[in-house]
Structure formats: C-alpha cells, structure tokens
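The values are calculated or read from the model by the stated rules, or taken from the named source; none is laboratory data. As the structure is a prediction and not an experimental result, all values here were calculated from the model. Cβ atoms come from the backbone with ideal geometry, glycine included; neighbour counts cover every protein chain shown.
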Ligand code: HGY
Ligand code: MN
Ligand code: MN
C-alpha cells in the first residue's frame, strides 16, 4: 500500500492511470490538448468522480472546472488547490494531471477522514494552461485572475484551425452537471503540485521542491517575407529567400543567447513555410520563439537582440521581418509566508526538500496576483517533460500529494471528527 498518513496513495496512482488513458499515445504519453473532445472527456470523468463523493461541481465562462467541499463557514473565501488537465500534443501523463488529481485526492481524504475545515476547499482544473493549441497559455488562470476574458480571444483559431469560441462553447455545453459561476471570486490562497520538469531535484536526490517563484516567459511570433520563385531557374543574386534570412538569423541567435547566459532560454518550437512547394523558393516563413529568464530586464534585452537580428538579416537579403510579442508572463515570487509554511510541512513529514525557482510557467503565476500562492515540485525522470516519456516515480507522486494534504490541513484544517462506527 502506498498510503501516507494523510492520503490514499494507491487511489491517487490509480486515478493517474485512468486519466493517462484519455488521449494515451503510443510511447506512453498523452495528447489531450485544450478544449478538444479528449479534454472534455477528462473533465467529465473528474466531474463524475466529484459528484459521486457528494462534492459540488462548477465551471466559469472560460470553462475552469471547480470541485467544492464545504467547510465550517461557507462565507469565507475558499482555499483553491489544483492545476490543469490539458496536455502538450506529445505530452506526458503527469504534467498538470498530477496536480489536479493530487488536489482531488486531498478532497477525498478529507471526506474519508471526516475532517472539517474552517472554510471550503476547492479543486480547480484550469483551462488551457499549455497554450500550444491556442496561444496564449494559462488562459483559464489569466482570465480568472483578471476577472474577464480578453475580447481578442474570441477570434482566436487553433493551430488545427478550430475556432476558440466554438471549442469553448462545446466544452461548457459538455458539462451540464457543472453549475455556472461568475469568472473570478475571492480566494484564501492557492496551492499547486507539479512535476519539476527539470533535473535539479533528481540530481540532488530530493523528493520535494518548495517553489519560491517562477521565471519570466515571453512568446514571439516572427514572420519573414520575401518573394517566391522557381527553385531551379532563379540565380542567387535574384533571390529574396526568407528561409535563408531566418536560418542565418537563428544561427546567430543560437550562438549568442543561451551560450552567453546560462539563465537564458531560447526555443523555436514551430515553423511554417509558404507556399510550401518542394520546388518553389518560399515567400513567407513564420516561426514561434519562446524566451525565458528570471530577470525582466534580461528578457527585454533578449527581445531587442532577436528583433534586431531578424531585421538585419532581412535587410541583407531584401526581405521584410516582423516580430510580435504574443505572450508575456513577468517573473513572479511567491509570498515567503507560504513558502516557509510549505517547507515547515515538508519538515514535519520528514520529506527532504529545497527551495527553488520554476523554469516552467504555471497557473500559480496568475493566481499569485490575487491570492497568496505556492507550489510543490516533485522530480521527474531525467527532468524530461513535454515529452511522452515523462515519468514520475510512484513514491514521488504520493509524497507530493501528502505534502499538499498536510499544507491544506495546516492552512484550513479545524477538526477531525472520528468517523461514525
Ligand atoms: O511552457 C511552460 O512553461 C508550461 O509547462 N506550460
Ligand atoms: Mn503544466
Ligand atoms: Mn506543460
């Protein structure tokens, strides 16, 4: 039995397996992208599990899914715990799911053990944390923390062409058992369990990371235009080849950005060429760039270097370049009071831990804008994530969930009525 003092580990691991089957991929990962039928299937399963336990289920207009267990005083702002259920196209079965299902396990354990909390505890599965089908990421937590859905999102289309508005409506309609509630409400705090998605904890053989903050992220949309022409008859001096300009700019940027600063991250994740004919010089190249850094001024400098580099190579080859920022998540620091309480809970559970910064962004970044938030990391094998081979040792999943349960009881626990005989 993988049961800790505070949770039913076997049940958590069984639930992780159930959700891993929704969108399972051949190499053992998941492809359960935001607002797809598979995302709706996972939401439905979680809602059914919640209703079976007597919890109440809600969703808001951006389809954030909430599961509420009442506390002693229903008027007090709830403690929110959770993460996301959507995945990358070739994602792992723990990114997001571990946090959401750990939160649900905590609710089930509170119910099993008849523990009364001073205020309600709610589980949340935020909409579109990943941002890969529809950009930007963290749509659900961003809209929740702002209390509104940006008007510009109504016209968004997915990478696969699907309209955001239509997919959102289908997702909302797919869960009639979830009562609708307004977007955003006062919170006592927010806690999230997540895999580290890096190698630090594994390298130090630690089961727990207490996250102090999240580095900044920006997404850039780059477009380079030139002139399409015949691949066989067009001499070099007559070419206006945007692919040549892009590859030369990228070669310089790969050489300069990450080798020049080991805290900087520079990633080209998606690229498309038009007209896309094997024997025609392209006239349009579009690519995405993801940059990260703990320091905002460093992000500013990186963005400047990138814009200048594409402009320079465009001019040299008689092309035009445009670089547009489509996502900006400034770095965030979690309140030290929450970080210290989490670390103290880990100590009480005799779980070795360390404080650390998150290289990945998370919904907690936006929740931290409206309520004291904190995150618990667990290691994943070789730090691999956004990869179907993502793996978490069962005892690490259990440890992360145990710490979440202990933190919930520390923050809002009141009494443990002995279960009726
Ligand atoms: O991209 C990120 O940092 C997050 O894992 N979606
Ligand atoms: Mn995630
Ligand atoms: Mn992710």
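Suppose we filter 182, 186, 136, 150 for residues that are in contact (Cβ under 8 Å) with a residue 24 or more places away in the chain, assigned by TED's automatic domain parsing to the domain that holds residue 50 and within 18 Å of residue 219 (Cβ to Cβ); which single one remains?
Only one candidate qualifies: 136.
Between 235, 191, which is out of contact with any strand residue (DSSP E or B) (no Cβ under 9 Å at 6 or more places or on another chain) and either modelled with pLDDT of 95 or more or assigned by TED's automatic domain parsing to the domain that holds residue 378 (or both)?
235
Across the stretch 27-42, which residue is farthest from residue 128 (Cα to Cα) among those that are part of a loop (DSSP other than H, G, I, E, B) and touching a residue at least 60 places away in the same chain (Cβ under 8 Å)?
27
Check the stretch 166-173 and report whether any residue there is out of contact with any strand residue (DSSP E or B) (no Cβ under 6 Å at 6 or more places or on another chain), part of a loop (DSSP other than H, G, I, E, B) and either in contact (Cβ under 8 Å) with a residue 60 or more places away in the chain or within 16 Å of ligand 3 (Cβ to nearest atom) (or both).
No, every residue in the stretch 166-173 fails to be out of contact with any strand residue (DSSP E or B) (no Cβ under 6 Å at 6 or more places or on another chain), part of a loop (DSSP other than H, G, I, E, B) and either in contact (Cβ under 8 Å) with a residue 60 or more places away in the chain or within 16 Å of ligand 3 (Cβ to nearest atom) (or both).
Considering only residues of the stretch 363-396 that are within 20 Å of residue 12 (Cβ to Cβ) and in a loop (DSSP other than H, G, I, E, B), which is farthest from ligand 1 (Cβ to nearest atom)?
Only one residue fits best here, namely 393.
Can residue 11 be described as within 17 Å of the chain's Cα centre (by Cα) and at pLDDT 95 or above?
No.
Is it true that residue 351 is over 24 Å from the mean Cα position of the chain (by Cα), under 23 Å from residue 199 (Cα atoms), buried (at least 18 other Cβ atoms within 10 Å of the Cβ) and in the same structural domain as residue 94 (by TED's automatic domain parsing)?
Working: over 24 Å from the mean Cα position of the chain (by Cα): yes; under 23 Å from residue 199 (Cα atoms): yes; buried (at least 18 other Cβ atoms within 10 Å of the Cβ): yes; in the same structural domain as residue 94 (by TED's automatic domain parsing): yes.
Here the answer is yes, as residue 351 does meet what is asked.
What is the one condition in (1) within 16 Å of ligand 1 (Cβ to nearest atom); (2) buried (at least 24 other Cβ atoms within 10 Å of the Cβ) that residue 159 does not satisfy?
(2)
Is at least one residue of the stretch 266-285 out of contact with any strand residue (DSSP E or B) (no Cβ under 9 Å at 6 or more places or on another chain) and in a helix (DSSP H, G or I)?
No; the residues of the stretch 266-285 include none that is out of contact with any strand residue (DSSP E or B) (no Cβ under 9 Å at 6 or more places or on another chain) and in a helix (DSSP H, G or I).
Taking the options 80, 98, name whichever one is in a strand (DSSP E or B) and either touching a strand residue (DSSP E or B) at 6+ places or on another chain (Cβ under 9 Å) or within 16 Å of ligand 1 (Cβ to nearest atom) (or both). Steps first, please.
Numbers: 98 fails: in a strand (DSSP E or B).
Answer to the check: 80.
Of the residues that make up the stretch 102-125, is at least one within 19 Å of residue 30 (Cβ to Cβ), in the same structural domain as residue 398 (by TED's automatic domain parsing) and in a strand (DSSP E or B)?
Within the stretch 102-125, one or more residues are within 19 Å of residue 30 (Cβ to Cβ), in the same structural domain as residue 398 (by TED's automatic domain parsing) and in a strand (DSSP E or B).
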